[in-house]
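What follows is a single structure, written as structure tokens, with notes after it.
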Amino acid sequence: MSAETDDVTEPGRPARRDLEEKLPRGIWVRLLVYVFAGHIVAGFLYLLFTLGASHG
């Protein structure tokens, strides 16, 4: 068996698991904005296709 594990990091750098569990607040805000904006765009496209189909 090898002695390497996922938690072994260089000195002075946080473990990868710590970075995955503690994302910065700015990333969460950006993610929520992108998801919200994506739904707005998708809803607008759906509206355009629905209106276009009814006039065709």
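The values are calculated or read from the model by the stated rules, or taken from the named source; none is laboratory data. Note that the structure is a prediction, hence the values are computed from the model and not measured. Using ideal geometry, Cβ is built from the backbone for each residue, glycine included, and neighbour counts are taken over all protein chains shown. For accessibility, only protein heavy atoms count, side chains too; no ligands or nucleic acids. Shrake-Rupley method; radii C 1.70, N 1.55, O 1.52, S 1.80 Å.
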Legend entry - Rounded to the nearest 10 Å², the accessible area of Ile27 at probe 1.4 Å: 80 Å²
Legend entry - Distance (nanometres) between label positions extended 7 Å along Cα→Cβ at Leu48 and Phe36: 2.3 nm
